[in-house]
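Since the structure comes first, as structure tokens, the remarks are kept for the end.
The values are calculated or read from the model by the stated rules, or taken from the named source; none is laboratory data. Keep in mind the model is a prediction, meaning the values are calculated, not measured. Reconstructed Cβ throughout: ideal geometry from the backbone, glycine too, with neighbour counts over all protein chains shown. These area figures cover heavy atoms from the full protein model, side chains too; ligands, DNA and RNA do not enter into them. Shrake-Rupley method; radii C 1.70, N 1.55, O 1.52, S 1.80 Å.
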Amino acid sequence: MKILVTGFDPFGDDKINPAIEAVKRLPDEIGGAKIVKLEIPTKFNVSAEVVHDAIVKEKPDYVLSIGQAGGRYELTPERVAINLDDGRIKDNAGYQPLNHTIHEDGENAYFTQLPIKAMAKAIREAGVPAAVSNTAGTYVCNHIFYQVQYMRDKEFPTIKAGFMHIPFLPEQVVARPETPALSLEDDIKGITAAIAAIVAHDGKGDLETVEGKNH
């Protein structure tokens, strides 16, 4: 089994992004699955091209994209991607789409194929906070989540894919009082546990438990 794991580069006013910092430090193998790590740009119109090229080259069984969600306390596997770009800020190319449909011929929303409840449970069992999330936002994180699902729908039907948000790092909240943060060590531990759950549940479906919140 091969799993492509992507992480975004820094964006906005931050000089670091926990997503790519954690992804590039993941083990090369988790649960017997080969881990392919990929840095992607925080750019609406480029990120999908980079991931598409990697899928063509690597032919992964799974794609797990990781992104930063400042303000969240937990690692949050995402349930659904929506067909909408609505940027609260400009991306790294200076582009800020507003109320923009990603693909006219795409579904209004795509649900992940990942065992998100099993992932959240495994992360918590590893000692890291986690919960299933029902919104990936409308910025580049949701964009790449939707784009990979669209690729699966139109071109790569055997791939299973999804997205997970992670909190700020401690050094990112020095000037953000009362904002939650998680250490890079815990990010790596949590993502590793999530990937192990993906491998363990391959072909078995997800858990029938309550693992989420109203967000």
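Taking a probe of 1.4 Å, how large is the accessible area per residue of the chain, in Å²?
Using a 1.4 Å probe on heavy atoms only, each residue of the chain averages 45 Å².
Give a residue-ordered list of calculated ³J(HN,Hα) values for the stretch 28-38 (Karplus: 6.51 cos²θ - 1.76 cosθ + 1.60, θ = phi - 60°; whole Hz; x for Gly, Pro).
6, 9, 9, x, x, 8, 6, 9, 9, 9, 9
Report, to one decimal in Å, the Kirkwood hydrodynamic radius for the stretch 114-168 based on all distinct Cα pairs.
12.5 Å
Once ligands and nucleic acids are excluded and a 1.4 Å probe is used, how much of LEU207 is accessible, expressed in Å² to the nearest 10?
So the heavy atoms of LEU207 present about 50 Å² to solvent.
Given the whole protein assembly as supplied and a 1.4 Å probe, what does the accessible area of MET1 come to in Å², nearest 10?
80 Å²
Can you pull the one-decimal nm distance between simple spin-label points at GLU178 and VAL46, each 7 Å off the Cα toward Cβ?
It works out to 3.7 nm between the two label points.
When the accessible area of the chain is split by element with a 1.4 Å probe, what percent falls to carbon and sulfur?
49 percent
Near HIS103, within a Cβ-to-Cβ distance under 10 Å, what is the net charge of the other residues, with Lys and Arg +1 and Asp and Glu -1?
Local net charge: -3.
Using square roots of five times the C-alpha gyration tensor eigenvalues, list the equivalent-ellipsoid semi-axes of the chain in whole Å, biggest first.
In descending order the semi-axes read 22, 22, 17 Å.
Set the bar at 19 Å for Cα to Cα. Now go through LYS2/LYS59; LYS37/LYS160; LYS43/LYS154 and name every pair that lies beyond it.
Cα-Cα > 19 Å for LYS43/LYS154; rest within.
Using alpha carbon centroids, what distance separates the stretch 1-35 and the stretch 161-215, in Å?
The stretch 1-35 and the stretch 161-215 have Cα centres separated by 12 Å.
What are the principal axis extents of the Cα atoms in the stretch 42-97, in Å, biggest first?
33, 29, 19
How would HIS100, HIS52 line up by accessible area, probe 1.4 Å, largest first?
HIS100, HIS52
Do the sum for the chain: with -39,500 (n - 2.57) for every DSSP H run of n ≥ 4, divided by all residues, what is the mean residue ellipticity at 222 nm, to the nearest 500 deg cm²/dmol?
-9000 deg cm²/dmol
Place a label point 7 angstrom from the Cα of HIS100 along the Cα-to-Cβ direction, then list the residues of the stretch 70-93 whose backbone nitrogen is under 17 Å away.
Under 17 Å, as judged by backbone N against the label point of HIS100, lie 82-93 of the stretch 70-93.
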